[in-house]
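Undergrad: The structure under discussion is supplied below as structure tokens; questions concerning it will follow.
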Amino acid sequence: MVDMNKLVVLVNSFGSALVSVGAELGVNVNLNKSQVTQGVKVQNVCAAALIGIVGGGIQGTAIVMLEKNSFDTVITAMTGGMVTPSIDDAMSMSVIGELSNMVSGRAITQSGITGVDVTPPQLIAGDNIRNVPNQTPGIRCFTLPFTTANGGFTLYLVLSFHVGS
């Protein structure tokens, strides 16, 4: 469970981590602040990497979700064009897992919350992947949509945390 102050810090840390890690890797993204929403709102997703977040009074998940064009952009940028993007290719999918690892590590470090650990990424691929939000009271989900600077393709960061007492 996470208190509301930690929740705000985590959501902001994850958002800024995706922007800074992306820029370092050659994937410049911008947060669509007007489209940030509570709950889950994604569309046309073909690949995702889910990371569990536990410890330090926190229990939750962070999911990087990409539509096809943003998937291609990320794979090409992160591999310098050495890997042909394909959701059926283990190497392409491992790149998405590494992106989620890097973003999660940076976010946890930036948040300053101690005792937090992350799980290895779970990789998911397919047509029109959806994240069905947990309807349990005390679960808060947030969707942070980002667009790539080189074409306006969308990728999403979906955060879900157990809050309350």
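The values are calculated or read from the model by the stated rules, or taken from the named source; none is laboratory data. Here the structure is a predicted model, which means the values were calculated and not measured. Glycine gets a Cβ as well: all are built from the backbone with ideal geometry, and neighbour counts include every protein chain shown.
Undergrad: Could you give me the residue pairs with C-beta distances under 6 Å whose first residue belongs to region 86-101 and is closer than 17 Å to GLY126 by Cβ, whose second residue is assigned to a helix (DSSP H, G or I) and hydroxyl-bearing (Ser, Thr, Tyr) wherever it lies, and which are 6+ apart or on separate chains?
TA: Pairs found: SER86/SER92.
Undergrad: Any residue at all in region 107-129 that's among the charged types (D, E, K, R), in a loop (DSSP other than H, G, I, E, B) and in contact (Cβ under 8 Å) with a residue 24 or more places away in the chain?
TA: Scanning region 107-129, I find no residue that is among the charged types (D, E, K, R), in a loop (DSSP other than H, G, I, E, B) and in contact (Cβ under 8 Å) with a residue 24 or more places away in the chain, so the answer is no.
Undergrad: Give region 73-90 a look and list any residue that's under 16 Å from the mean Cα position of the chain (by Cα) and not hydrophobic (A, V, I, L, M, F, W, C), or say none.
TA: Once the filter is applied, which keeps residues that are under 16 Å from the mean Cα position of the chain (by Cα) and not hydrophobic (A, V, I, L, M, F, W, C), region 73-90 yields only THR73.
Undergrad: Scan region 1-42 for residues that are surrounded by fewer than 14 Cβ atoms within 10 Å (Cβ to Cβ) and free of Cβ contacts under 8 Å to residues at least 40 places away in the same chain and jot them down.
TA: ASN5, VAL8, ALA23, GLU24, LYS33, SER34
Undergrad: Could you tell me how many of the residues in region 137-165 are in contact with a strand residue (DSSP E or B) (Cβ under 8 Å, 6 or more places away or on another chain), farther than 16 Å from PHE14 by Cα and among the small types (Gly, Ala, Ser)?
TA: Residues meeting the conditions: 2.
Undergrad: On the basis of being more than 18 Å from THR154 (Cβ to Cβ) and either of a type in the set (Gly, Ala, Ser) or loosely packed, with under 15 Cβ neighbours inside 10 Å (or both), does SER70 make the cut?
TA: Taking the combined requirement at face value, the residue does not satisfy it.
Undergrad: Okay, next question. Output the number of residues of region 1-34 satisfying the condition of being under 22 Å from ASN69 (Cα atoms) and not in a helix (DSSP H, G or I).
TA: 7
Undergrad: If I filter region 23-51 down to residues being of a type in the set (Gly, Ala, Ser) and at pLDDT 95 or above, which single residue comes out as farthest from GLN122 (Cα to Cα)?
TA: Checked region 23-51; the qualifying residue farthest from GLN122 (Cα to Cα) is ALA47.
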